[in-house]
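Have a look at the structure below, then the notes.
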Amino acid sequence: MIFTTFLEMVENKFSLRMADTIIRSADLASGGSYTTLGTYDHHEMIQLVVKLSEQTGIPASDLVRSFGEYLFMHLIESHPAFAVENSTVFAFLLRVDKYIHVEVNKLYPEAELPRFSYDTSEPGTLIMTYRSSRPFADLAEGLIMGCIQHYGEEIALRREDLKEGTAARFILSERK
């Protein structure tokens, strides 16, 4: 689903021709043929993003964050009840690891999902620590940004990289 949604974003934000160009110019083991139920090597996503960056001149990290925002909106459209159940940014994000990822694993048992730990010890602040074997902290940041936009709350987001894209701390603070 990640791959098909990424290519959908490329088509919507750039063009169908751009999607075709990046697929054909990347050396993809899958040949660039993706289904929503398939599981693909994350290196293919990296190749697609790099090719899109080369074609557009937009830094790869910005493209991945933008995709995260797009992906969040796609997920909310696909599962609107979950957004209704969790009426705030903090409520939603606090359930990512213990609920959303559990549900994803039911649909995609072989999915290798990132892990989050949470710190809510300071009132009005949520600290999420992201850890993954894959370098997609930019994607996690984009998803968080998409969540903030969706709920329309005044939340400041700051990121601290812990390890080269595979670990990051996201500090979300309610603006008074």
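What accessible area per residue comes out for region 50-176, rounded to a whole number of Å², with a 1.4 Å probe?
Numbers: 6910 Å² over 127 residues.
With the other protein chains kept in place, region 50-176 gives 54 Å² per residue.
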*Nearest-ten-degree value, helix 137-151 long axis tilted from longest Cα axis of the chain*: 60
*asked:* Given contacts defined as C-alpha pairs under 8 Å and at least six residues apart, what's the relative contact order of the chain, whole-number percent?
replied: 20
_Carbon and sulfur %, accessible surface of region 1-136 computed with the full protein complex present, 1.4 Å_ = 55
*Tally Lys/Arg at +1 and Asp/Glu at -1 over every other residue whose Cβ is under 12 Å from the Cβ of Q47; what's the total?*
-2
*Kindly identify region 131-176 as rounded, prolate or oblate by the Cα gyration tensor criterion: order the square roots of the eigenvalues as a ≥ b ≥ c, call it rounded if a/c is under 1.5, otherwise compare a/b with b/c, prolate if a/b is larger, else oblate.*
oblate
*Measuring from label point to label point, each 7 Å out along Cα→Cβ, what is the R115 to N12 span in nm?*
3.3
*Got a sec to turn the phi values of region 27-41 into Karplus ³J(HN,Hα) couplings, 6.51 cos²θ - 1.76 cosθ + 1.60 with θ = phi - 60°, whole Hz, x for Gly and Pro?*
9, 9, 4, 7, x, x, 9, 10, 10, 5, 9, x, 10, 10, 5
*Rounded to a whole number of µm²/s, how large is the Stokes-Einstein D of the chain at 37 °C and 0.692 mPa s, given Rh as the Kirkwood radius over C-alpha pairs?*
194
*Where does the Debye-calculated log10 I(q)/I(0) of region 1-86 sit at q = 0.14, 0.16, 0.20 Å⁻¹, using only Cα point scatterers of equal weight, no solvent?*
-0.48, -0.62, -0.92
*Return one number: the angle in degrees, 0 to 90 and rounded to the nearest 10, between the long axis of the Cα atoms of helix 16-25 and the longest principal axis of the Cα atoms of the chain.*
70
*asked:* To test your reading of the geometry: what angle, between 0 and 90 degrees and rounded to tens, separates the Cα axis of helix 2-13 from the longest principal axis of the chain?
replied: 80
*Sticking with the crude label model, points 7 Å out along Cα→Cβ, report the distance from T35 to E174 in nm, one decimal please.*
4.6
*Grab the Cα-Cα distance for R131 and T4, subtract it from 0.36 nm times how many residues apart they are, and report the gain in nm with one decimal.*
43.3 nm
*Of T36, A19, F92, which is farthest on the positive side of the dipole of region 1-123, counting Cα position, with +1 on Lys and Arg Cβ, -1 on Asp and Glu Cβ, and the Cα centre as origin?*
A19
*Local charge sum around I148 (other residues, Cβ-Cβ under 10 Å, Lys/Arg +1, Asp/Glu -1)?*
-3
_From the helices alone, meaning DSSP H stretches of at least four residues, give me the mean residue ellipticity at 222 nm for the chain, per-run term -39500 (n - 2.57), in deg cm²/dmol to the nearest 500._
-15500 deg cm²/dmol
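To one decimal place, what Kirkwood hydrodynamic radius in Å is obtained for region 78-176 from all pairs of distinct Cα atoms?
Values: mean 1/r = 0.0713 Å⁻¹.
This gives a value of 14.0 Å.
The values are calculated or read from the model by the stated rules, or taken from the named source; none is laboratory data. Just so we're clear, the structure is a prediction, and the values are computed from it rather than from any experiment. Glycine gets a Cβ as well: all are built from the backbone with ideal geometry, and neighbour counts include every protein chain shown. When the accessible area is computed, the model is the full protein with side chains, heavy atoms only, and any ligands, DNA or RNA have been set aside. Shrake-Rupley method; radii C 1.70, N 1.55, O 1.52, S 1.80 Å.
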